[in-house]
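J.: If you scroll down you'll find the structure; I have some questions about it.
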Amino acid sequence: MRVFKFGGASVKDAAGIKNVYDVLQKVGYEDVLLVVSAMGKTTNALEEVIKNYFEKSEELNASVQEVKKYHNQILLDLFEDEKNEVFAGVNKLFSELEYFLAHNKSPNYNFVYDQIVSYGELISTTILSHFMNFMGIKTQWLDVRNFIKTNSNYRDAEVDWELTQKNIAKNVKKKMLNITQGFLGSDENNFTTTLGREGSDYTAGIFAYCLNAESVTIWKDVPGVMNADPRYFENASLLNHISYREAIEMAFYGATVIHPKTLQPLQKKEIPLYVKSFINPMLAGTCVSKGSDSEWQIPSFIVKRNQLLISLSSIDFSFIMEENISEIFALFHQFKLKVNLIQNSAISFSVCVEDKFGNFKDLNPILAKKFKVDFDENVTLYTIRHFNEKAAQTVEQNKTVLLKQVSRETMQIVTKEN
Ligand code: ADP
Ligand code: ASP
Ligand code: MG
């Protein structure tokens, strides 16, 4: 079996969905499992719904209507005839969502988040599955929550591999086109959970592992994995073949083209991962597999914007030792700051972190009781794999370098735009 993953960008409108059909015609769809994300920016739009649910109830209805309108337009573009049963299918999902919004009693933000945000994928797969049937491809729509079982760590749930493996082995039918949702799972009480933002690539990895799939292909709006994000680097070039290790490193440092959790299950069973263009599906793209990297000597650039560089030094010139460091890390964990780089000297300790939830303002006074705290907001973290002098110069040009760290294969530079 082959596992294909189509992300939000590939199904953002009716043309995108028709394109998925064209891709399947070209590359075949027998014995395939499609993992599909929410359409376009639907997950962001549902996050807005969640925010309104908790904070701005007067805007709740309007935000739900917006999500409805967007999908309805896609339905009209694809099917025209409103008697097609897909309209009722999608309406039923919206009714469920509205029922939840009206009746939920749980104050748990993360729980509520997962119950709401999951409709993006439930709706997109319903539409896609009906469209394939409409075009003459028979599909089996699978509710992924009956397959991927997780703990109840809402918004970042961990997979129960044993149960998941059992469910998948028993119930996924081979020899046909299966369609299921990325990003979602369910806990032991059958409440919906999610695997973390951008987690649909990971879903593809989980299914491939449990099915002993022949390969995984993630279809993207880029030709494959490149040596830099082509949105930011004009001369980015395609990497034809990279090893699991290189791909894991790149994803870890923030190359958003592959979700970092995707590779581990694939690597364990040596299942190749193809990253290909949904615009030019017949091009080879990138193959991630066992073996050496064909272009390993080419520097790769990974950019993380909007970082926070925090430097802590001891007030009395005492050393910053393990004890302090573990205390500092416990606080970062508690305040949900994601650490992307660490550097320490005898009396100071610097970290480049991502403050996704804006919690640093609350953490700062706590740190200031024990340390002298300096920080720079809005800095950029560049990671260069297989760096050379020229690559470093390209990054440093016209910028102030605040910190630099070099290891055998990787250079990281924290900069501030001049
Ligand atoms: P999906 O629609 O599957 O969610 P994403 O938008 O998450 O797809 O991933 C594709 C994007 O990843 C590209 O549009 C590109 O801007 C970005 N990207 C970041 N780093 C790289 C890289 N090294 N090579 C290719 N694309 C990259
Ligand atoms: N729809 C989810 C998100 O946008 C999962 C995914 O697309 O990978 O985060
Ligand atoms: Mg994505």
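The values are calculated or read from the model by the stated rules, or taken from the named source; none is laboratory data. Just so we're clear, the structure is a prediction, and the values are computed from it rather than from any experiment. No Cβ is skipped: glycine too gets one built from the backbone with ideal geometry, and neighbour counts run over all protein chains shown. Quick note on the areas: whole protein, heavy atoms, side chains included, nothing else; ligands and nucleic acids left out. Shrake-Rupley method; radii C 1.70, N 1.55, O 1.52, S 1.80 Å.
J.: Just to be sure I understand the filter: pairs with C-beta atoms under 8 Å, separated by 6 or more residues or on different chains, first member in the range 38-63 and more than 16 Å from ligand 1 (Cβ to nearest atom), second member assigned to a helix (DSSP H, G or I) and aromatic (Phe, Trp, Tyr). Which pairs pass?
T.: Here the result reads 50/109; 50/113; 54/109; 60/53, each pair linking the range 38-63 to a residue that is assigned to a helix (DSSP H, G or I) and aromatic (Phe, Trp, Tyr).
J.: Can you find even one residue in the range 26-35 that is in a helix (DSSP H, G or I) and either β-branched (Val, Ile, Thr) or on the phi < 0 side of the Ramachandran plot (or both)?
T.: Initially, the range 26-35 is screened for residues in a helix (DSSP H, G or I), giving 26-27.
Right, trim to either β-branched (Val, Ile, Thr) or on the phi < 0 side of the Ramachandran plot (or both) and you get 26-27.
Taking every residue of the range 26-35 in turn, at least one turns out to be in a helix (DSSP H, G or I) and either β-branched (Val, Ile, Thr) or on the phi < 0 side of the Ramachandran plot (or both).
J.: Suppose we keep only residues that are more than 21 Å from residue 316 (Cβ to Cβ) and of a type in the set (Phe, Trp, Tyr) within the range 329-376. Which one would you say is most open to solvent (accessible area, probe 1.4 Å)?
T.: 357
J.: Looking at this structure, is residue 72 open to solvent by 10 Å² or more (accessible area, probe 1.4 Å) and away from ligand 1 (no atom under 16 Å from the Cβ)?
T.: In short, yes.
J.: Still on this structure: Looking at the range 377-402, which of the residues that are of a type in the set (A, V, I, L, M) and outside any strand (DSSP E or B) is surrounded by the fewest Cβ atoms within 10 Å (Cβ to Cβ)?
T.: Ranking the candidates gives 392 first.
J.: Would you check if there is a residue in the range 199-208 being open to solvent by 50 Å² or more (accessible area, probe 1.4 Å) and outside any strand (DSSP E or B)?
T.: Of all residues in the range 199-208, those open to solvent by 50 Å² or more (accessible area, probe 1.4 Å) come to none.
So far as the range 199-208 goes, no, none of its residues is open to solvent by 50 Å² or more (accessible area, probe 1.4 Å) and outside any strand (DSSP E or B).
J.: So which of 51, 12, 68 ends up being at pLDDT 95 or above and away from ligand 2 (no atom under 16 Å from the Cβ)?
T.: Answer to the selection: 68.
A quick yes/no check of all residues on (1) in contact (Cβ under 8 Å) with a residue 40 or more places away in the chain; (2) closer than 22 Å to residue 362 by Cβ:
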| site | (1), (2) |
| --- | --- |
| 300 | yes, no |
| 307 | yes, yes |
| 313 | yes, yes |
| 319 | no, no |
| 323 | no, no |
| 329 | no, yes |
| 334 | no, yes |
| 350 | yes, yes |
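J.: Oh, and also: Consider residue 193 carefully, then state whether it is within 25 Å of residue 151 (Cα to Cα), in contact (Cβ under 8 Å) with a residue 60 or more places away in the chain, open to solvent by less than 10 Å² (accessible area, probe 1.4 Å) and assigned to a strand (DSSP E or B).
T.: So residue 193 fits the description; yes.
J.: Quick check on this structure: which one of 100, 94, 54, 87 is touching a Lys or Arg at 6+ places or on another chain (Cβ under 8 Å), farther than 30 Å from residue 282 by Cα and away from ligand 3 (no atom under 16 Å from the Cβ)?
T.: 94
J.: So which residues in the range 252-288 are surrounded by fewer than 22 Cβ atoms within 10 Å (Cβ to Cβ), within 11 Å of ligand 1 (Cβ to nearest atom) and either acidic (Asp, Glu) or within 16 Å of the chain's Cα centre (by Cα) (or both), if there are any at all?
T.: Listed by number, the residues that qualify are 254, 256, 257.
J.: Counting only residues that are within 16 Å of ligand 3 (Cβ to nearest atom) and farther than 30 Å from residue 16 by Cα, give me the strands (runs of 3 or more DSSP E) lying completely in the range 253-372 with at least 3 of them.
T.: Once the strands (runs of 3 or more DSSP E) in the range 253-372 are filtered for at least 3 residues that are within 16 Å of ligand 3 (Cβ to nearest atom) and farther than 30 Å from residue 16 by Cα, nothing remains.
J.: In the range 209-252, how many residues are of a type in the set (A, V, I, L, M), part of a loop (DSSP other than H, G, I, E, B) and either within 24 Å of residue 30 (Cα to Cα) or within 16 Å of ligand 2 (Cβ to nearest atom) (or both)?
T.: Counting residues in the range 209-252 that are of a type in the set (A, V, I, L, M), part of a loop (DSSP other than H, G, I, E, B) and either within 24 Å of residue 30 (Cα to Cα) or within 16 Å of ligand 2 (Cβ to nearest atom) (or both) gives 2.
J.: Output the residues belonging to the range 368-418 that are of a type in the set (D, E, K, R) and within 24 Å of residue 358 (Cα to Cα).
T.: 369, 370, 372, 374, 376, 377, 416, 417
J.: Shifting gears a bit: Would you check which residues across the range 27-44 are crowded, with 21+ Cβ neighbours inside 10 Å and among the polar types (S, T, N, Q) and list them?
T.: The answer is 37, 42, 43.
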